[in-house]
Amino acid sequence: MEMVQIAVVVVILLALVKPLGTYVYHVFSNEANWTDKVFGPFERLLYKFIGIKNRDGMSWKKYALSFIVTNLILTAAAYLLLRLQWIHLFNPNGMEGMEATLSFNTVISFITNTNLQHYSGESALSYFSQMAVIMMMMFTSAATGFSVAIAFIRGLTSRGQTIGHFFEDFVKAHTRIFLPASFVITLVLVALQVPQTLDPTLTVKTLEGAAQQIAIGPVASLESIKHLGTNGGGFFGVNSAHPFENPNPLTNVIEILSMWVLPAALPYTFGRFAKSKKQGWVIFSAMMVLFLVCLTTVYAAEKAGNPVFGGLGIDASQGSMEGKEVRFGIAGSALFTAVTTAATTGSVNNMHDTLTPIGGLVPMAEMMLNVVFGGKGVGLINMLMYAILAVFLCGLMVGRTPEFLGRKIEPREVKLIAVAILAHPFIILVPTALALLTDAGRAGITNPGFHGISQVLYEFASSAANNGSGFEGLGDNTTFWNISTGLVMLLGRYISIIAMLAVAGSLLRKQPVPETIGTFRTDNALFTGLLIGTVLLIGALTFMPAVALGPIAEYLTIR
Amino acid sequence: MMTNNRQKRMLTADAVQRALKESLLKLNPVTMVKNPVMFVVEVCTVIVLLMTVFPGYFHSEDRIGFNLTVFLILLFTVLFANFAEALAEGRGKAQADSLKKTKQEVMANKLVEGGSINVIKSTELHRGDLVIASQGEMIPCDGEVVEGVASVDESAITGESAPVIKEAGGDFNSVTGGTRVVSDWIKIRVISEPGESFIDRMISLVEGAKRQKTPNEIALGTLLTSLTLIFLIVVVTLGPIAKFVGIELEVPVLIALLVCLIPTTIGGLLSAIGIAGMDRVAQYNVLAMSGKAVEAAGDINTMILDKTGTITFGNRMASEFVAVGSHVKSAELLNWAAISSLKDETPEGRSVLDYMKRNGLPFDTLGAEGGEFIPFRAVTRMSGIDLPDGRQVRKGAVDAVRNWVLSQGGIVPDDLTGKANVIASAGGTPLAVAVDKDVVGLIYLKDTVKPGMSERFEQLRQMGIKTIMCTGDNPLTAATIAKEAGVDGYIAESTPEDKIEVIRREQAEGKLVAMTGDGTNDAPALAQADVGIAMNSGTTAAKEAANMVDLDSDPSKIIEVVAIGKQLLMTRGALTTFSIANDIAKYFAIIPAMFMIVIPQMNALNVMKLGSPYSAILSALIFNAVIIPFLIPLAMKGVAYRPMSGSRLLGRNLLIYGLGGMLAPFIGIKLIDLVVHIWV
């Protein structure tokens, strides 16, 4: 029965990929199509308002500069709003201004689409902050990632000097994708009893006569963009495990699908841009295969239960239910875990800290790879980067200078990719080592031994991959953790995006090489396999030694 | 000269000795730093050496034996890599040496103002000087013939013993220093300064003195460096992480892990592969001006081939006899044609008799017994025989024979020119046969497609390469030959401008084009093409414009050059894949070994069931070192290449070097461990 639950969700996703991918293609293809009629007038009003007259394409440098400056301004505004929270409207619970390092961490966390939360929404944020800071950045960071991914695709698939106009992409991502979709999902969630109100926290009298505080607020609207934008930052501290964020199995499925479907549709969009749907499916298949391996692993591990419990004489026949919600069960939790870390959403409906060692390894691995669907756009960019890498490594074996989509991969591209593949392990492993070496870092670790390593590794993997889920259990609201994860999130987001935009700018100017029978084909099953192999060899083996001391050692010692 | 003693150069005792010495010299960190992967290994070697020599400073007194072993293995890893590079370079040096021998100092007959001759050393000649070289003398310099006709023995450069005709004007006016005049004399204008001659350039090219890394090599080098940095991060951070759970990792163990993970195999062999690739081209007697040109050859999409000499033998096989004037096509014509060719050993001459015998045509050569053969001369453009009865038989170019007949007061038949033109316009070459004052007929020399050409073009098609034939023939003849040879396209009545046009058109579609050429008017097209191969017999302008020179002047060799270019890239890709795939097994050897003492359960990951932690680490390190010399022959020879489609080629190589690369170290490390475990 549980397998059926999972299968149904996967089938629905598969059915949505093509229509949604096509829709996204139409939104960004900049060729006249029906979506213009619906959204055009409103957008023209917006363009007029923000003063954009010509929307000619930008060079990659201008595009990168535009999105960085936009993000910078949004970050600065958000920081001020958090610090000056006490003067806000919509602050019925009277929240004070947020502490400096926590604010630093929080704004970076949300502008980078990470949503690592070192605070608890119900006790630290006013409703206004939830809406104007948190939700605003949930929209803008998702739209930024999406725009950049589309620009990257344009660089790979078209020829010329420009990769599109950032502000046009940014506006369209809002008006044609995130706003309408969140609107619909919000209403559905409200119908399924997720609260949406500006009333203050309720104080009710329990049956025993004690007074209980029940936090509520504009939850449904945040919940929808939280998943659609693969943000993951919860309204409440316990995120989607909270009964008001995710009240029942149906909302659970809706949330899973809303965070999964856009990243899953992007490879198809890419195929449309590349004028080779097969090429899109190849990328999708590689992601799906990796995903299914991860899902199966976490499900099997959780279903098998915790061997230590067996030793204690506790019935573990239904699997390891520690830290999971009874209303979701093993299947609903395992699927949510696999999807949220694949799509780098980072919302959780169960506590990842309490997953069995191998179960906990899965979300960690997905974040270390950062290519299994991945967050808004970034996952696709990373996967395409690995595709270029696979082409470069193996393409030589057909006796030609490696080429991807008819463009030669030459020193400039390899140098830029080298920066990106170097950055990811650097910003995970170096801070992990530092945290384990220093007293400031060790202070937050609440578990000794291998699980302690897992906690730290998870925290930095989550920050670097801009996932934002926590292994929890880590006492992370300290200056050390706020600053270190803040920096890791920044580097994790911008280094690879800028490097990849530069790759796009470089490929854009290349004279395409015609395809012949001697060409290395990248649109068949063999390449899917090669791509997976490259991801595992280059992306995964790097983390082997560290992981061996974390989850693997833990698994082997409690077996 | 070069072809013969080159093949077996690789493993002569002398070459090995030289390479061994070189590999020690290459330990110099200044040279080593150019190869970041191996430089990291060298630094690690020094660290372990210090730990072995000064154990007190590192608190490693109880590990001296292990550390010493690690040091030695690391040292050999570096030396093996150096040896591979030195060996590849050594082959080039050996060639350079044999070339230098031909560059003996010779005396030149310099023509000074006033017409007198001044004998000076060849090294004192300058551009623009005029020299005279006569029969038996060595040509002292590179130059252009400005006067005279002579046959020249170019075997020192080409290895081809048959002399070639050099004459002023036209496409055969360029001569190379170090070649010998066999007959007649020529006046030469010097075109190179001392030390810049063709042989000088050849020497510096094969010596690899000015070897520049190709773009692909740079890109791969960048990737290997970044992988090295990644693993450096992995290993450096592992110490503190392990310390958190109470595992103190020794530095030599971490170094072992690092050296095993970084791509030392490809890092050590990368430059050897590049040098050996250039060398393989040289073994085909083709001189590539840069490694980039060789790599570009692998990327070729379109090949432009001259019909004559490349696809066909050239106009030289007799295929028909045409009577002229009052003569009828009869035994008489056949007899004279046979008699004129009886002692003619040129391919054209032989083809006359071959054709008659093959087709059972009757002929009688009795009258030629005891006649005196008159060989072909560049000046007369005729050969023939003076019969004992006094009659003179001549065979040769139509106008030469006509002039000869006229000079004896004979009469030339009216239809000679017309019939000769018919043959010429059909793409053939007419040879006139005359006896004294009488022209008896024409021999129709026809182009014949070389055997095996259509198979080769089929192979090229499988590699995704399009062939375009260029010919001066009329469209009809061109179409016939094109069909017979199986090329993909042809340009009839082509001019050099047409070639440039085709090259530009193909390049505009993003294709890379290769072509061969020899004439001065080919030079712009050779320069425009991505890979231009000039014939050594061609003009200096052509050779300057091309990025490769074929010393044997065999235009069909372009096909081999493409194969070598592909092989070079494939070898690099195959060894990179192999090297990276090796890491999986090395992880399974070293990771459990590192942690097993503190976490005994880690033995579950010891899938190879290696004897002990230290034996596992040493075995992985030893495997990592010895795989380099094991692969040297492959790096030198290149991976086996047969023309096939990209997908099949990939599948095959992935199976061998990808899957093989994953499995081989599992077996290798296990076998080494069986031995090493006896001691540790």
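Annotations
- Applying the condition of being in contact with a Leu (Cβ under 7 Å, 6 or more places away or on another chain) and buried (at least 24 other Cβ atoms within 10 Å of the Cβ) to the stretch B:243-259 and asking which residue is nearest to the other protein chains (Cβ to nearest Cβ) yields B:A256.
- Test: residue in the stretch A:172-184 that is assigned to a helix (DSSP H, G or I), under 18 Å from the mean Cα position of the chain (by Cα), among the aromatic types (F, W, Y) and surrounded by fewer than 24 Cβ atoms within 10 Å (Cβ to Cβ): yes
- When residues of the stretch B:218-242 are limited to those that are surrounded by fewer than 23 Cβ atoms within 10 Å (Cβ to Cβ) and small (G, A, S), the one nearest to the other protein chains (Cβ to nearest Cβ): B:S226
- Subset of the stretch A:343-362 [surrounded by 24 or more Cβ atoms within 10 Å (Cβ to Cβ) and not in a helix (DSSP H, G or I)]: A:A343, A:T344, A:T345, A:G346, A:S347, A:V348, A:N349, A:N350, A:L355, A:T356
- Just so you know, in the stretch B:462-508 the residues that are in a helix (DSSP H, G or I), touching a strand residue (DSSP E or B) at 6+ places or on another chain (Cβ under 7 Å) and within 14 Å of chain A (Cβ to nearest Cβ) include one that is surrounded by the fewest Cβ atoms within 10 Å (Cβ to Cβ), and it is B:Q507.
- Criterion: more than 30 Å from A:T516 (Cβ to Cβ) and within 28 Å of the chain's Cα centre (by Cα) - qualifying residue of B:G298, B:G367, B:G291, B:G268: B:G268
- Condition broken by B:K586, with the remaining ones in (1) within 14 Å of another protein chain (Cβ to nearest Cβ); (2) more than 18 Å from B:I255 (Cα to Cα); (3) at pLDDT 90 or above satisfied: (2)
- Which listed residue, of B:L49, B:L79, B:L75, B:L87, is aliphatic (A, V, I, L, M), buried (at least 17 other Cβ atoms within 10 Å of the Cβ) and touching a residue at least 60 places away in the same chain (Cβ under 8 Å): B:L87
- Listed by position, the helices (runs of 4 or more DSSP H) inside the stretch A:33-118 whose residues that are of a type in the set (K, R) number at least 1 are A:34-50, A:60-83.
- Test result for B:I584, in contact (Cβ under 8 Å) with a residue 24 or more places away in the chain, within 31 Å of the chain's Cα centre (by Cα) and either assigned to a helix (DSSP H, G or I) or surrounded by 19 or more Cβ atoms within 10 Å (Cβ to Cβ) (or both): no
- Restricting A:G229, A:G217 to those that are buried (at least 20 other Cβ atoms within 10 Å of the Cβ) and modelled with pLDDT under 90 reduces the list to A:G217.
- All strands (runs of 3 or more DSSP E) inside the stretch B:103-155 with 1 or more residues being of a type in the set (S, T, N, Q), buried (at least 16 other Cβ atoms within 10 Å of the Cβ) and more than 30 Å from the chain's Cα centre (by Cα): B:107-111
- Residue check, B:A542 closer than 18 Å to B:N285 by Cβ, more than 14 Å from chain A (Cβ to nearest Cβ) and part of a strand (DSSP E or B): no
- Applying a threshold of 6 Å to beta carbon distances and a minimum spacing of six or more residues, or different chains, the list of pairs starting in the stretch B:416-438 at a residue that is outside the structural domain of B:S319 (by TED's automatic domain parsing) and ending at one that is not small (G, A, S) is empty.
- Residue in the stretch A:512-525 that is within 13 Å of chain B (Cβ to nearest Cβ) and assigned to a helix (DSSP H, G or I) present: yes
- Matching entry among A:E96, A:E43 (being more than 30 Å from A:F284 (Cα to Cα) and crowded, with 16+ Cβ neighbours inside 10 Å): A:E43
- Subset of the stretch A:34-61 (residues that are in contact with a helix residue (DSSP H, G or I) (Cβ under 8 Å, 6 or more places away or on another chain) and within 18 Å of A:V148 (Cα to Cα)): A:R55, A:M58, A:S59, A:W60, A:K61
- Any hit, the stretch A:392-404, residues being more than 10 Å from chain B (Cβ to nearest Cβ) and of a type in the set (K, R): no
Condition check ((1) within 26 Å of B:D389 (Cα to Cα); (2) in a loop (DSSP other than H, G, I, E, B)) across all residues:
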position	(1), (2)
B:I300	no, yes
B:T310	no, no
B:M317	no, no
B:G325	yes, yes
B:L333	yes, no
B:W336	yes, no
B:D344	yes, yes
B:R350	yes, no
B:Y355	no, no
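- Residues within the stretch A:40-56 that are at pLDDT 90 or above and in contact with a Ser or Thr (Cβ under 8 Å, 6 or more places away or on another chain), tallied: 3
- Residue among A:A540, A:A553 that is within 13 Å of chain B (Cβ to nearest Cβ), assigned to a helix (DSSP H, G or I) and more than 22 Å from the chain's Cα centre (by Cα): A:A553
- Enumeration of residues in the stretch B:602-619 that are assigned to a helix (DSSP H, G or I), of a type in the set (A, V, I, L, M, F, W, C) and either touching a Pro at 6+ places or on another chain (Cβ under 6 Å) or within 14 Å of chain A (Cβ to nearest Cβ) (or both): B:M602, B:A604, B:L605, B:I617
- Tally, over the stretch B:633-658, of residues that are more than 30 Å from B:G90 (Cβ to Cβ), surrounded by fewer than 18 Cβ atoms within 10 Å (Cβ to Cβ) and at the interface with chain A (Cβ under 10 Å from one of its Cβ atoms): 5
Listed here are the residues, each with its yes/no results for (1) in contact with a Phe, Trp or Tyr (Cβ under 9 Å, 6 or more places away or on another chain); (2) assigned to a loop (DSSP other than H, G, I, E, B); (3) without any contact (Cβ under 8 Å) to a residue 24 or more places away in the chain.
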site: A:A149; (1), (2), (3): yes, no, no
site: A:T162; (1), (2), (3): yes, yes, no
site: A:V188; (1), (2), (3): no, no, no
site: A:L222; (1), (2), (3): yes, no, no
site: A:K226; (1), (2), (3): yes, no, no
site: A:G232; (1), (2), (3): no, yes, no
site: A:P247; (1), (2), (3): no, yes, no
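- Among the residues of the stretch A:453-473, those that are within 14 Å of chain B (Cβ to nearest Cβ) and over 16 Å from the mean Cα position of the chain (by Cα) comprise A:I453, A:S454, A:Q455, A:V456, A:L457.
The values are calculated or read from the model by the stated rules, or taken from the named source; none is laboratory data. Source: prediction; values computed, not measured. Reconstructed Cβ throughout: ideal geometry from the backbone, glycine too, with neighbour counts over all protein chains shown.
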